[in-house]
Amino acid sequence: MGALRIVLVRPKDPANVGAAARAMKNFGLGDLHLVAPQRPIGRRAYALASHAQDVLQRAVEHESVAEALKGCTLVLGTTARERREGRMYTPREAAQTLTPEGLAVLFGPEDFGLSNDDLKHCQGYIRIPTAAYASLNLAQAVQLVAYEWFVTSQEQPPPSPPEERAARELLEGMYDHLLKTLHLIGYTDAQRQGSAERLFRAIFDRADLSAREVAALRGLWRQVAWAVTRGSAREQGS
């Protein structure tokens, strides 16, 4: 159960980080990662953490979301609205469907939430159901997500992890490789690459690729690059 990684992206208020750590410890979680916190995690955070100071002490700070996700195999981003790309879950659906092993859940800054650039790292999304007025504090959102995984772990065994699911950093390397290939063959350009990247990320994220499948796709794209380069050389030599 404790393998679930909580990632707070650019949190503004250290008090919310402390309260989030407290919420995590209440429900058996201890793997806290912070991406570019906007203020130092100091005395106020430790005061709000109550008896979860150890969670704060072990928290790992990162400069980027990609860095915070190293070693993960599945990433869910919290969002306040429905999204067309990727699978949508309530916290309960996610807890009952997905194993916490290798899973990270991203929470955005208190004012605007996760950016589109943050969300591109996600293979699915968690939306917390609310009434018409929706204004959850960061720590409240963490608590609701942690609670559902805790309750599910008490009621039923965790679902089996998919075999050989590729680590997130392997997928990010694959997407960089894919973009270079798409530019090389003229499929996209600098102005259109954002929409092309979103499309192919959605397709491959839904596929839950294994490390072997990622390697096969990158081998294919290397062959495409070789064929294009060879063809250009032939044209120049003729």
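The values are calculated or read from the model by the stated rules, or taken from the named source; none is laboratory data. The structure displayed is predicted, hence computed values, not measured ones. Here the Cβ is made from the backbone with ideal geometry for all residues, glycine too, and neighbour counts use every protein chain on show. When the accessible area is computed, the model is the full protein with side chains, heavy atoms only, and any ligands, DNA or RNA have been set aside. Shrake-Rupley method; radii C 1.70, N 1.55, O 1.52, S 1.80 Å.
Using a Gaussian network model on the chain with a 10 Å cutoff between Cα atoms, which of Arg201, Arg44, Arg168 fluctuates the most?
Arg44
Spin-label point model (7 Å from Cα, Cβ direction): what's the Arg58 to Ala202 distance in nm?
Computed distance between label sites Arg58 and Ala202 equals 3.8 nm.
Once the Cβ-Cβ distance between Glu169 and Val228 is put in as r, and R0 is 22 Å, what FRET efficiency do you end up with, to the nearest 0.05? Each step should come with its number before you reach the end.
On the way: r = 27 Å, r/R0 = 1.22.
Here the calculated transfer efficiency is 0.25.
Using a 1.4 angstrom probe with every protein chain in place, what is the largest-first accessible-area order of Thr97, Thr79?
On the way: Thr97 80, Thr79 20 Å².
From most accessible down to least: Thr97, Thr79.
Between Ile203, Phe112, Tyr125, whose Cα lies farthest towards the positive end of the dipole of the chain when Lys and Arg beta carbons carry +1 and Asp and Glu beta carbons carry -1, centred on the Cα centre?
It is Phe112, whose Cα lies furthest towards the positive end.
Be a star and scan region 1-39 for residues whose amide nitrogen sits under 13 Å from the point 7 Å along the Cα-to-Cβ vector of His51.
Within reach of a label on His51: 22-23, 25-28.
Across every pair of different alpha-carbon atoms, what Kirkwood hydrodynamic radius in Å does region 6-96 reach? Please report the intermediate quantities before stating the final value.
Numbers: mean 1/r = 0.0708 Å⁻¹.
One over the average 1/r among Cα pairs gives 14.1 Å for region 6-96.
With +1 on each Lys and Arg Cβ and -1 on each Asp and Glu Cβ, and nothing else charged, work out how big the dipole of the chain is about its Cα centre, in Debye to the nearest 20.
Numbers: 29 positive and 27 negative charges, 54 e Å.
Dipole about the Cα centre, nearest 20: 260 debye.
Determine which residues of region 72-103 fall in the zone a paramagnetic label at Ala211 would reach in this model, i.e. backbone nitrogen under 16 Å from the point 7 Å along Cα→Cβ.
Residues 72-74, 102-103 qualify, since their backbone N sits under 16 Å from the label point.
For Lys25, list the aspartates and glutamates whose Cα falls under 16 Å from its own Cα; do not include residues on the same chain fewer than 8 positions away.
Filter leaves Asp54, Glu148.
Would you please put 209-215, 122-128 in order of how densely packed they are, using the mean number of other Cβ atoms within 10 angstrom per residue and starting with the highest? Kindly include the intermediate steps, with their values, before the conclusion.
Numbers: 209-215: 15.6, 122-128: 22.1.
Packing order, densest peptide first, comes out as 122-128, 209-215.
What is the ratio of the Cα radius of gyration of the chain to 2.2 N^0.38 Å, where N is its residue count, to two decimals?
For the chain, the normalised Cα radius of gyration is 1.14.
Calculate the FRET efficiency for Glu155 and Asn116 from the Cβ-Cβ distance with a Förster distance of 30 Å, rounded to the nearest 0.05.
Values: r = 36 Å, r/R0 = 1.18.
After rounding, the FRET efficiency stands at 0.25.
Give the relative contact order (percent, whole number) for the chain; include only Cα pairs under 8 Å separated by 6+ residues. Could the numbers behind the result be given before it?
On the way: 385 pairs, mean separation 51.8, N = 238.
About 22 percent, as a whole number.
In whole angstrom, and with the biggest value first, how far do the Cα coordinates of region 85-182 range along each principal axis?
That gives 45, 36, 19 Å along the principal axes, largest extent first.
Could the peptides 189-197, 177-185 be put in order, highest first, of the mean number of other beta-carbon atoms found within 10 Å of their residues? Intermediate results must be reported in sequence, preceding the final value.
Numbers: 189-197: 11.7, 177-185: 15.6.
Packing order, densest peptide first, comes out as 177-185, 189-197.
Where both partners of a DSSP beta bridge lie in the chain, what percent of those bridges are antiparallel, to the nearest 5?
Values: 1 of 23 bridges.
If I count the DSSP bridges inside the chain, around 5 percent turn out antiparallel.
Using the Kirkwood radius over C-alpha pairs as Rh, can you work out the diffusion coefficient of region 59-124 via Stokes-Einstein at 20 °C, viscosity 1.002 mPa s, in µm² per second?
170 µm²/s
Please identify, among Pro40, Pro14, Pro100, the residue showing maximal mean-square fluctuation in a Gaussian network model of the chain using a 10 angstrom Cα cutoff.
Comparing Pro40, Pro14, Pro100 in a Gaussian network model of the chain, the most mobile one is Pro40.
Once Lys and Arg get +1 and Asp and Glu get -1 on their Cβ, which of Gly71, Pro14, Val55 lies farthest toward the positive end of the dipole of region 1-93?
Selected residue: Pro14.
Could you give the nm distance between label points at Arg43 and Glu67, where each point is 7 Å from its Cα heading toward the beta carbon?
The two pseudo-label positions are separated by 2.9 nm.
Could you check which residue among Ala52, Ala166, Ala132 shows the biggest mean-square fluctuation in a GNM of the chain with a 10 Å Cα cutoff?
Maximum fluctuation in the GNM of the chain, among the listed residues, is at Ala132.
In deg cm²/dmol and to the nearest 500, what is the mean residue ellipticity at 222 nm of the chain if only DSSP H runs of at least 4 residues count, each as -39500 (n - 2.57), divided by the residue total? Kindly include the intermediate steps, with their values, before the conclusion.
On the way: 10 runs with 117 residues, N = 238.
Rounded to the nearest 500, it is -15000 deg cm²/dmol.
Ignoring ligands, DNA and RNA, what percent of the 1.4 Å accessible area of the chain is carbon and sulfur? Walk me through the numbers before you get to the answer.
Numbers: 6420 of 12740 Å².
With neighbouring chains kept in place, the figure for the chain is 50 percent.
If you average the alpha carbon positions of region 92-130 and of region 1-62, how far apart do those two centres end up, in angstrom?
Rounded to whole Å, the Cα centres lie 17 Å apart.
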